[in-house]
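Engineer: Can you read through this structure? Questions will come right after.
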Amino acid sequence: MTPERVSDPRALRRAARARRLRRRRGAALLSLVVVVLLAIVLLAGGGAGGRGGRAAVGGTTPKSAAPRVRAGAGTGARVGATIRVTGRQTGTLPAPVQDAAVAALGGEGFLLMGGIDQAEGSVADVVAVTPTSAHRIGTLPVALHDASASVLGTYAYLFGGGVVSSFSQITRVSPSGSAQPAGSLPTPASDIATASLGGSVYVVGGYTGQAPLRTILAWRPGAGARVVGTLPKPLRYAAVASVGGKLLIAGGTSGEAASRDIYSFDPSTGAIARIGLLPDPLTHAAAVAVGGTVLVFGGRNASSTSQTQRILAISADGSVHAAGQLPLALSDLAAVALGNRVVLAGGRDGAGRVQDAILTMTVSS
């Protein structure tokens with residue numbers, strides 16, 4: 001091909017158009033590169049910021065994020081676990097039992113009193129239990145279930161309970177298993193929870209056999225039981241323990257419904273306040289205090305087949321976090337704290353089977 005002459009005007013115009021086209025193409029390519037680089041920078045920055053903020057709509061929470069326990073608005077629920085509870089079966093009871101009263105008498109042992117057997121009958125057994133063994137050592141004056149026990153001094157005191165109707169008696173039980181009358185409640189009461197604090201036993205809620213109760217009673221040996229507080233609503237089967245000089249009352253049954261409420265009761269003033277909410281309605285659970293935390297084991301909602309494996313830790317301020325899981329979903333089990341361990345006994349699973357397992361749970365932080 002013969003080169004165009006520079007002096008040709010048409011050739012000069014074509015050359016100028018070609019130069020302008022090359023410049024426009026170069027500018028477009030440069031703009032595209034800049035846009036791509038800016039997008040990369042923004043995506044990298046957004047990804048880093050996303051780990052410290054909320055996950056995008058439709059996205060997933062980073063794997064490093066702490067698990068949440070849904071606890072409702074305004075409950076102060078904690079994110080992540082500051083206490084963990086793990087455990088396994090370490091022993092077996094002489095027979096399956098649920099709804100038994102439990103009392104720790106020091107050392108490695110505790111007493112399991114009354115309850116319901118696999119045939120749905122009430123029992124009168126007093127059983128001495130350790131984390132690895134159990135044997136019958138005595139008999140209560142009457143068979144009963146849904147009583148509650150607490151320790152004052154060297155004795156366990158058993159409150160209320162019932163069979164077809166509720167009972168009002170208070171029974172003193174020695175470490176050897178012998179039982180003697182020690183007083184009576186103002187009204188018959190089963191489905192109660194108790195906790196000892198400052199030399200008194202506090203009896204929370206319950207059922208007379210005719211009506212649910214909303215009273216908090218205080219009792220000590222040699223004195224009559226007296227009303228020292230009133231719950232905001234009637235409660236049966238609440239989980240109760242003492243922590244920080246107060247009673248912490250979690251869940252329970254009110255009417256036909258399971259409750260989410262967490263209350264704090266101050267015996268020095270008689271004041272009661274709702275301080276939090278459980279993640280879900282819960283009743284028929286067991287509670288113990290370990291350090292400054294109340295651990296709540298198992299339980300269920302209003303359905304008798306809705307048992308849970310969940311273990312919750314509740315602080316004195318009402319904040320809640322998940323602390324672990326039971327080997328089996330259970331309600332109506334007995335729980336007692338032995339140092340940094342919690343020993344659980346018996347209970348009922350979702351299929352209606354009454355259990356005979358002794359579970360030893362280790363608490364760590």
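The values are calculated or read from the model by the stated rules, or taken from the named source; none is laboratory data. Computed from a predicted structure; not experimentally measured. Cβ coordinates were reconstructed from backbone atoms using ideal geometry, including for glycine residues, and neighbour counts include every protein chain displayed. Accessible surface is based on the protein model in full, side chains and every heavy atom, while ligands, DNA and RNA are left aside. Shrake-Rupley method; radii C 1.70, N 1.55, O 1.52, S 1.80 Å.
Engineer: Pairs under 7 Å by beta carbon, first residue at pLDDT 95 or above in the range 205-217, partner among the aromatic types (Phe, Trp, Tyr) and not in a loop (DSSP other than H, G, I, E, B), six or more apart or different chains?
Structural biologist: Listed pairs, sorted by first residue: Leu213/Tyr207; Ile216/Tyr202; Ile216/Phe265; Leu217/Tyr202.
Engineer: What's the number of the only condition in (1) surrounded by fewer than 21 Cβ atoms within 10 Å (Cβ to Cβ); (2) assigned to a strand (DSSP E or B); (3) not polar (S, T, N, Q) that Ala302 fails to meet?
Structural biologist: (2)
Engineer: Can you find even one residue in the range 334-350 that is in a strand (DSSP E or B), surrounded by fewer than 24 Cβ atoms within 10 Å (Cβ to Cβ) and free of Cβ contacts under 8 Å to residues at least 60 places away in the same chain?
Structural biologist: No, that holds for no residue.
Engineer: A follow-up question, please. Considering only residues that are assigned to a strand (DSSP E or B) and open to solvent by less than 50 Å² (accessible area, probe 1.4 Å), which ones fall in the range 260-272?
Structural biologist: Of the residues in the range 260-272, the ones assigned to a strand (DSSP E or B) are 260-266, 271-272.
Asp261, Ile262, Tyr263, Ser264, Phe265, Asp266, Ile272 - these are the residues of the range 260-272 that are assigned to a strand (DSSP E or B) and open to solvent by less than 50 Å² (accessible area, probe 1.4 Å).
Engineer: Also: In the range 110-123, what count of residues is obtained for those that are open to solvent by 20 Å² or more (accessible area, probe 1.4 Å), of a type in the set (Gly, Ala, Ser) and touching a strand residue (DSSP E or B) at 6+ places or on another chain (Cβ under 7 Å)?
Structural biologist: Counting residues in the range 110-123 that are open to solvent by 20 Å² or more (accessible area, probe 1.4 Å), of a type in the set (Gly, Ala, Ser) and touching a strand residue (DSSP E or B) at 6+ places or on another chain (Cβ under 7 Å) gives 1.
Engineer: Return the total of residues in the range 86-113 being within 16 Å of Ala286 (Cα to Cα) and touching an Asp or Glu at 6+ places or on another chain (Cβ under 9 Å).
Structural biologist: Adding up the residues that qualify gives 7.
Engineer: Might you let me know whether the range 191-204 holds any residue that is open to solvent by less than 50 Å² (accessible area, probe 1.4 Å), more than 16 Å from Ser150 (Cβ to Cβ), at pLDDT 95 or above and assigned to a strand (DSSP E or B)?
Structural biologist: no
Engineer: State all residues of the range 252-290 that are more than 13 Å from the chain's Cα centre (by Cα) and farther than 24 Å from Arg220 by Cα; if no residue qualifies, say none.
Structural biologist: Within the range 252-290, Thr253, Ser254, Gly255, Glu256, Ala257, Ala258, Ala273, Arg274, Ile275 meet the criteria.
Engineer: Would you mention how many residues in the range 241-257 are crowded, with 23+ Cβ neighbours inside 10 Å and over 21 Å from Gly209 (Cβ atoms)?
Structural biologist: 6
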